[in-house]
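First comes the structure, then the notes that go with it.
Each reported figure results from applying straightforward, stated rules to the coordinates on display, with no laboratory input. Here the structure is a predicted model, which means the values were calculated and not measured. Cβ placement follows ideal geometry from the backbone for every residue including glycine, while neighbour counts extend to all protein chains displayed.
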Amino acid sequence: MFKSSKSRLSWADVTPKSEFLNRRQIMAGMGAAAGMAALPASAATFPASQYSTDLEPNSLEDITSYNNFYEFGTGKGDPARYGHLLNTDPWSVQIDGLVDKPGDYDLADILDNADLEERIYRFRCVEAWSMVIPWVGFELASLLNRVGVQSSAKYVAFETLVRPSEMPGQALGNLNYPYREGLRLDEAMNPLTILASGLYGEDLPNQNGAPLRLVVPWKYGFKSIKSIVRITLTDTQPETTWSNLNPREYGFYSNVNPNVDHPRWSQASERKIGGLIAKRQETLMFNGYEEQVADLYAGMDLSVDY
Ligand code: MTE
């Protein structure tokens, strides 16, 4: 089931899920070296990232049952219901365009060369709900540096797999496929931008974008494209699925911004998924990552470049 030697065994394999969180919190307070020594070697597989928030993650149940993944249908439960139809092994990612070493890269090879770590990120969907998710991933920049980005490259384009025989939403044609997303090169190179291959210490469930998905925590969730099969370096701004469909509602940047409303609803607050009572909270500029990313947009009018 696991794709690389680095992720073959995880802490979660030897620890009941209910204890997983508690133990990790204890670990965090123990001083990493002392804590690691007492645990199975596999626990060192995913060191905690300096970029993690200290917020309590949502439950695995929340994270895997309330999803957007139109390839499997438009309902929040469809990805969990139909995700198992997708075969993610073998998997390769085509990397092309303005790179020195274009090619079809085997996922196992990508992961074997990656510094996987756990990153607990805030997640904010454009539909004004949010979660906190403990990803396992690595910096997109490290992969891009490995393939050599040419000096003329300005953007990165991403595409999801097209396989309607295993993705019922694609068979219905509920969107124009492939699902496409894009980032400016400096956004892609920011250390907060990761490719995730797991969550809660295990491989990504299919509904969350197995086997490899983007996570850009200061942008609305639709920028975090799932089940990636192609990464292309370009010198022009790439087309993206949601802004092609409705450019007035979904811009290329799609930074989380409480001051710029969606034409049909406010973005000033969000509903945190989980628990019995729906909790509303204020949305933070750049989803709370202002310190790390505000410089990327210096001098831009974010109500124009939304
Ligand atoms: N990627 C693909 N390929 N297809 C999709 O429909 N939905 C996006 C994004 N990535 C989507 C996608 C949207 S709208 C959101 S909010 C997030 O995935 C949801 O990620 P999650 O289900 O892991 O929370």
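Could you tell me whether the range 101-157 comes out rounded, prolate or oblate from its Cα gyration tensor? Rule is a ≥ b ≥ c as square roots of the eigenvalues, rounded for a/c under 1.5, then prolate if a/b exceeds b/c, otherwise oblate. List each step's numbers first, then the result.
On the way: a/c = 2.75, a/b = 1.56, b/c = 1.77.
Oblate.
The range 257-274 to the range 199-217: how many Å between their Cα centroids?
Using only Cα atoms to place each centre, the spacing works out to 24 Å.
On full extension of the chain, what length is gained from Glu249 through Ser165, given 0.36 nm per residue of separation minus the C-alpha to C-alpha distance?
Length difference between fully extended and current span is 27.2 nm.
Based solely on its DSSP helices, what 222 nm [θ] is calculated for the chain when runs of n ≥ 4 H residues each add -39,500 (n - 2.57) and the sum is averaged over all residues, nearest 500 deg cm²/dmol? Show your work: numbers first, answer last.
Working: 11 runs with 68 residues, N = 306.
-5000 deg cm²/dmol, from helical runs alone.
Per q in 0.06, 0.12 1/Å, what log10 I(q)/I(0) does a Debye calculation on the alpha-carbon atoms of the chain return?
-0.19, -0.80
So if we plug the beta-carbon distance of Leu296 and Asp112 into 1/(1 + (r/R0)^6) with R0 = 35 Å, what FRET efficiency do we get, rounded to 0.05? It would help to have the intermediate numbers written out before the result.
Details: r = 31 Å, r/R0 = 0.88.
With a Förster radius of 35 Å, E is 0.70.
Just check the range 175-287 against the gyration tensor rule for me: Cα atoms, a ≥ b ≥ c as the square roots of the eigenvalues, rounded for a/c under 1.5, and otherwise prolate or oblate depending on whether a/b exceeds b/c. Numbers along the way, then the final one.
Values: a/c = 1.66, a/b = 1.15, b/c = 1.45.
Note, shape of the range 175-287 comes out oblate.
Which value, in debye to the nearest 20, describes the size of the charge dipole of the chain about its Cα centre when Lys and Arg Cβ atoms bear +1, Asp and Glu Cβ atoms bear -1, and nothing else is charged?
Values: 28 positive and 38 negative charges, 121 e Å.
About 580 debye.
If you put +1 on each Lys and Arg Cβ and -1 on each Asp and Glu Cβ, how big is the dipole of the range 220-306 around its Cα centre, in Debye rounded to 20? Walk me through the numbers before you get to the answer.
Numbers: 9 positive and 11 negative charges, 126 e Å.
Dipole size: approximately 600 debye.
Among Leu276, Leu161, which comes first, second and so on when ranked by fewest other beta-carbon atoms within 10 Å?
Working: Leu276 5, Leu161 19.
So the residues, fewest neighbours to most, are Leu276, Leu161.
Give the residues of the range 198-228 whose amide nitrogen is closer than 18 Å to a point set 7 Å from the Cα of Asp186 in the direction of its Cβ.
Counting only backbone N, you get 217-219.
Given Asn190, Pro79, Cys125, which one lies farthest toward the positive end of the charge dipole of the chain, if we put +1 on the Cβ of every Lys and Arg and -1 on the Cβ of every Asp and Glu?
Pro79
So how do His262, His84 line up by other beta-carbon neighbours within 10 Å, fewest first? Don't skip to the end; give the middle numbers.
On the way: His262 15, His84 12.
The fewest-first ordering by Cβ neighbours comes to His84, His262.
Just want to confirm a number: the relative contact order over the chain, from Cα pairs under 8 angstrom separated by 6+ residues, in percent. List each step's numbers first, then the result.
Details: 594 pairs, mean separation 58.2, N = 306.
Here the relative contact order equals 19 percent.
Take Arg81, Arg230 and order them by how many other Cβ atoms sit within 10 Å, fewest up front. Please report the intermediate quantities before stating the final value.
Working: Arg81 14, Arg230 18.
Ordered from fewest to most neighbouring Cβ atoms within 10 Å, Arg81, Arg230 come out as Arg81, Arg230.
Where both residues lie in the chain, what percent of DSSP beta bridges are antiparallel, nearest 5? Could the numbers behind the result be given before it?
Numbers: 40 of 47 bridges.
Roughly 85 percent of the DSSP beta bridges within the chain come out antiparallel.
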